[in-house]
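Below is one structure, written out as structure tokens; the observations come after it.
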Amino acid sequence: MSETTYEEACRCPKCKHPGEGRIKRPAPREAGLKHGTMIHQVYCVHELCPWYNTAWMIQVNADGSVNIMLIMQVQATHSMMIKHQ
């Protein structure tokens with residue numbers, strides 16, 4: 001995870017256009033993150049982007065610092081599983 005500003009984190013990882021925040025929720029206790037950490041789910045709204053309507057997560061820590069958690073790791077794993085079957 002890379003530390004960045006919230007505005008940068010809200011930009012689509014593919015097209016770099018600003019995304020749309022749709023869901024904000026406290027981080028699950030199982031994640032072991034500090035109390036007050038929030039998870040924001042942001043979607044690409046640029047219709048020409050390959051990631052249109054795809055979500056990525058932004059971790060906003062209690063101290064205001066920001067981390068990006070990309071879902072593409074999960075998508076890449078899923079793609080690899082399909083190829084090997």
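Here are some notes:
- Number of residues in segment 36-85 that are charged (D, E, K, R) and modelled with pLDDT of 95 or more: the value is 1.
- Checking each residue in segment 44-56 for being surrounded by fewer than 17 Cβ atoms within 10 Å (Cβ to Cβ) and within 12 Å of the chain's Cα centre (by Cα) picks out only Ala55.
The values are calculated or read from the model by the stated rules, or taken from the named source; none is laboratory data. Nothing here was measured: the structure is a model prediction, and the numbers come from that model. For neighbour counting, all protein chains shown are included, and Cβ atoms are generated from backbone atoms with ideal geometry for every residue, glycine included.
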